[in-house]
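The values are calculated or read from the model by the stated rules, or taken from the named source; none is laboratory data. Just so we're clear, the structure is a prediction, and the values are computed from it rather than from any experiment. Neighbour counts run over all protein chains shown; Cβ positions are idealised from the backbone, glycine included. Accessible surface areas use protein heavy atoms only, side chains included; no ligands, DNA or RNA. Shrake-Rupley method; radii C 1.70, N 1.55, O 1.52, S 1.80 Å.
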Amino acid sequence: MSERPQQQQQQARYVMVGGFLGAGKTTAILQLAKRLRDNGLRVGLITNDQSYGLVDTTMLSSHGFDVEEITGGCFCCRFNSLVDAVEKLSADTTPDVFIAEPVGSCTDLKATVDYPLRRIYGNHYTISPLSVLVDPVRAARVLGLETGKSFSEKVVYIYGKQLEEADVIVINKTDLLTPEKLDALRRALAARFPRAAVQTISARTGDGIDAWLHQIVTAPARTHGAMDVDYEEYADGEALLGWLNASLQLQSQRPFDGNALLIDLARQLQSRLAADAAEIAHLKMTLAPDQHGNDLAVANLVRGDGIAELSHRLAEPLDTGQLILNLRAQADPELLRAAVLDVVARVTSTSQITHEIEHLERFRPGKPTPTHRLAGI
Ligand SMILES: Nc1nc2c(ncn2[C@@H]2O[C@H](COP(=O)(O)OP(=O)(O)O)[C@@H](O)[C@H]2O)c(=O)[nH]1
Ligand SMILES: [Mg+2]
């Protein structure tokens, strides 16, 4: 299949893939980027976070893509940095397609990113429809189709707003669902958000990616005015989420199994945070050996009652390496800090590994103050 954008060959495409924390955005972006690259297109990727030291950037770069990281706020509040990132990527490789991943707790992206980009840079970039990914287990709980631990009302407000502005709602992780559950979720989403097209994919197996890619690189973005957003409620929801980013250097006299170490850390943090009644939105970690080139382990956990898993494994044991840990949970950031420090100390000492903290930051995201906000164009 050739997915070279049809309309204006000279204009680069700007594709944004939103969705809540842990929905599978980074995994899905990697799939899109690989397919575009296989079709001879140049791809530039943009990651985004409230802070620096990102698992996503490390993971995407390890696959040989050019990645720019925007830190210190979401795209809407760092609009000029987003434009700078696009220009920086263009200086090196002139990408045909940019794919940007906004912060998973961010919403109102059409009014604050899409419309301003079209208004100001419409001669340079074709803006693709806004995709919003969902994790089916999380979505079924939020929509009340299934019971289970979820977030408080204000966080759910953000979740709903993300879906409300979607041009395309993408149900991800279909490999985890029976056809009946997938159908029930698809019908519930279509009924509640009738304006959006609904696509189903598995970013893990690749199912459905071609159809989704076709839709986002051939269709123009839709304009339907800005949705109503109560910025106080949005800010309250964001502030309920605690954020922690850390990077640590690990060292051991004897080679150790980095894959087992990450899973051990994830499981112990999971039980510690469950005891503290902190609902995990996303825990992700990478472990990169100081030697062995691009070898990388990536571990994830997307719910308090989920299963910690490795999406990338190290091929060999290591004796020194860098651990990056990003944790987002509905909890006080100080509590997250204490839990991470305790668990890291316990797990590393059991394995006779020494650790040195290079960077540790924890906070609650501040109130979003977009650079631009347009009602439509
Ligand atoms: N089973 C399954 N897991 C997936 C799929 N896509 C992503 N994941 C997993 O979901 C977790 C979060 O993925 P990530 O891409 O980091 O989510 P993000 O926070 O939205 O960027 C990781 O463990 C991924 O391996 C999928 O299609 N199926
Ligand atoms: Mg991500």
**OP:** Mind listing the lone cysteines of the chain, meaning no other Cys beta-carbon sits under 4.7 Å from theirs?
**Re:** CYS76, CYS77
Original post:
Could the peptides 43-56, 335-348 be put in order, highest first, of the mean number of other beta-carbon atoms found within 10 Å of their residues?
Top reply: 43-56, 335-348
Original post:
Let a ≥ b ≥ c be the square roots of the eigenvalues of the Cα gyration tensor of the chain; is it rounded (a/c under 1.5), or, if not, prolate (a/b larger than b/c) or oblate?
Top reply: prolate
**OP:** Skip the ligands, DNA and RNA, and give the accessible area per residue of region 283-375 with a 1.4 Å probe, whole Å².
**Re:** 46 Å²
**OP:** May I ask you to give the solvent-accessible area per residue for region 117-223, in square angstrom, as obtained with a 1.4 angstrom probe?
**Re:** 43 Å²
**OP:** Can you send over the carbon and sulfur percentage of the accessible area for region 307-350, probe radius 1.4 Å, protein chains only?
**Re:** 50 percent
**OP:** Find how much the distance from ASP228 to LEU145 grows on full extension, using 0.36 nm per residue of separation minus their present alpha carbon separation; answer in nm with one decimal.
**Re:** 27.3 nm
**OP:** Have a look at ALA191, ASN123, VAL137 and report the one farthest towards the positive end of the charge dipole of the chain, computed about the Cα centre with Cβ charges (Lys/Arg +1, Asp/Glu -1).
**Re:** ALA191
Subject >> Proximal charge balance of ARG254 [Cβ under 14 Å; K/R count +1, D/E count -1] >> reply: -3
Original post:
What dipole magnitude, in Debye to the nearest 20, does the chain give about its Cα centre under +1 on Lys/Arg Cβ and -1 on Asp/Glu Cβ?
Top reply: 780 debye
Subject >> For region 225-245 versus region 132-197, the gap between their alpha-carbon centres in whole angstrom >> reply: 18 Å
Subject >> Percent of beta bridges antiparallel (DSSP, the chain, rounded to nearest 5) >> reply: 60 percent
Subject >> For region 257-355: rounded, prolate or oblate by the Cα gyration tensor [a/c cutoff 1.5] >> reply: prolate
Original post:
Roughly to the nearest percent, how much of the accessible area of region 1-121 is carbon and sulfur, given a 1.4 Å probe?
Top reply: 41 percent
**OP:** Give me the net charge of ALA339's neighbourhood, meaning all other residues with Cβ under 12 Å from the Cβ of ALA339; Lys, Arg count +1, Asp, Glu -1.
**Re:** 0
**OP:** Could you work out the relative contact order of region 143-261, using alpha carbon pairs under 8 angstrom and six or more residues apart, expressed as a whole percent?
**Re:** 31 percent
**OP:** Please name which of ALA297, PRO365, ASN172 has its Cα lying farthest along the dipole of the chain towards the positive end, using unit charges on Cβ (Lys, Arg +1; Asp, Glu -1) and the Cα centre as origin.
**Re:** ASN172
Original post:
Using only helices, what value at 222 nm comes out for the chain when you add -39,500 (n - 2.57) per DSSP H run of length 4 or more and divide by the total residues, to the nearest 500 deg cm²/dmol?
Top reply: -11000 deg cm²/dmol
**OP:** Please say if region 108-253 is rounded, prolate or oblate, where rounded means a/c under 1.5 for a ≥ b ≥ c the square roots of the C-alpha gyration tensor eigenvalues, and otherwise the choice is prolate for a/b larger than b/c and oblate otherwise?
**Re:** rounded
Subject >> Cβ-based charge dipole, region 165-316, positive-most Cα from LEU261, LEU244, TYR234 >> reply: LEU261
Subject >> For the chain: relative contact order, % (alpha-carbon pairs under 8 angstrom, 6 or more apart) >> reply: 21 percent
Original post:
Hey, with R₀ at 35 Å, roughly what FRET efficiency would ILE357 and THR93 work out to, going by the Cβ-Cβ distance, to 0.05?
Top reply: 0.50
Original post:
Considering only the other residues whose Cβ falls under 12 Å of the Cβ of GLU180, what net charge follows from Lys and Arg at +1 and Asp and Glu at -1?
Top reply: +2
Original post:
Counting alpha carbon pairs within less than 8 Å and at least 6 residues apart, what relative contact order, in whole percent, applies to region 275-322?
Top reply: 37 percent
